[in-house]
Amino acid sequence: MITKGDIIVPWRTLADIERDVEEITKMDQQQDQGKLEQLEQLMAEYRAMHDETADIIAQLNDKKAQVAALAKELQITHEHGGIKVTYRDGYTRRSVNVDQLTGYAAAHPEVMRFIKESKVRPSASIKVLR
């Protein structure tokens, strides 16, 4: 038979519970602060790298535009030195809401107002090959 003296109940006061809550909250805040400091450090490193490379990136973008312009002028696709430039002719793009107009446009020419037509200009893309 179990008696009252055999049962051990960990009595805790409200002050004990409040102290535990404060400790847990403080640990969470310290952990969040550490993560925030890590984030800020990474952001500072990113900014420094961005600032160091901004001029180089601007020069690369300028060269890329020159290559694309010349490829469009020559109307060619060309690969050289691990770089590939691809020329694409311009064309007219049409889009139609097929679900609503399939089969109907032939018998009802007035639905042609639902057809959208746009001009796609010639372009060139540049890819660095691995």
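The values are calculated or read from the model by the stated rules, or taken from the named source; none is laboratory data. Only a predicted model underlies this, so the values are computations on that prediction, with no experimental measurement involved. Don't worry about glycine lacking a Cβ; one is built from the backbone with ideal geometry, like all the others, and counts go over all protein chains shown.
Quick look at the values:
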| read-out | value |
| --- | --- |
| Test: residue in segment 98-107 that is of a type outside the set (Gly, Ala, Ser) and surrounded by fewer than 10 Cβ atoms within 10 Å (Cβ to Cβ) | yes |
| Failed item, numbered, when residue 29 is tested on (1) out of contact with any strand residue (DSSP E or B) (no Cβ under 8 Å at 6 or more places or on another chain); (2) surrounded by fewer than 10 Cβ atoms within 10 Å (Cβ to Cβ) | (2) |
| Criterion: modelled with pLDDT under 85 and under 30 Å from the mean Cα position of the chain (by Cα) - qualifying residue of 87, 91 | 91 |
| Segment 94-130 - residue that is of a type in the set (D, E, K, R) and part of a strand (DSSP E or B) and, of those, modelled with the highest pLDDT | 119 |
| Only one of 51, 16, 62 that is modelled with pLDDT under 85 and either closer than 29 Å to residue 121 by Cβ or not in a loop (DSSP other than H, G, I, E, B) (or both) | 16 |
| Among the candidates 45, 73, 79, residue that is on the phi < 0 side of the Ramachandran plot, acidic (Asp, Glu) and at pLDDT 90 or above | 45 |
